[in-house]
1. Stretch residue 79-residue 66 to full length: gain in nm at 0.36 nm per residue minus the Cα-Cα span?
2. Quick one: what are the phi-derived ³J(HN,Hα) couplings along region 59-74, Karplus 6.51/-1.76/1.60 with θ = phi - 60°, whole Hz, x for glycine and proline?
3. How large is ³J(HN,Hα) for each residue in region 35-51, as worked out from phi by the Karplus curve 6.51 cos²θ - 1.76 cosθ + 1.60 (θ = phi - 60°), to whole Hz, x for Gly and Pro?
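Bear in mind these aren't lab numbers, they're just calculated from the coordinates by the rules spelled out. It should be emphasised that the depicted structure is a prediction, and the values quoted were computed from it without experimental measurement.
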Amino acid sequence: MGTRRLHLLVVPTALALLLAGCGSKDAGPDPAPVADGLARGLASGDLSGVVFGGTTTPAQADQQYAATVADLGEVSPKVTVASVSKSSDTAATAT
């Protein structure tokens with residue numbers, strides 16, 4: 001498998017891991033603005049304005065994301081949120 005193809009598989013995996021860190025146990029506010037902010041951060045490569053759950057800081061997320069996409073060269077990711085839905089009062093999913 002070529003390096004470019006491998007990275008095209010790694011980026012969606014990194015996105016899924018980053019979204020998993022955005023979860024919360026209470027109903028909380030509407031998750032759509034958070035998902036949109038994450039999409040903007042991933043598209044621009046600047047996650048400093050994204051609040052992550054757990055112990056992940058925006059600076060750590062920036063470093064991890066930069067390492068993930070480093071070998072993509074001049075390719076710029078296009079990231080959009082297709083939908084945000086709540087599967088229950090305690091869980092939200094963005095796709």
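1. On the way: separation 13, 0.36 × 13 = 4.68 nm, distance 1.52 nm.
So the extension gain works out to 3.2 nm.
2. Couplings: 5, 5, 4, 4, 5, 5, 5, 4, 5, 5, 9, 3, 8, 6, x, 7 Hz.
3. 5, 5, x, 5, 4, 4, x, 5, 5, 8, x, 10, 9, 5, x, 9, 9
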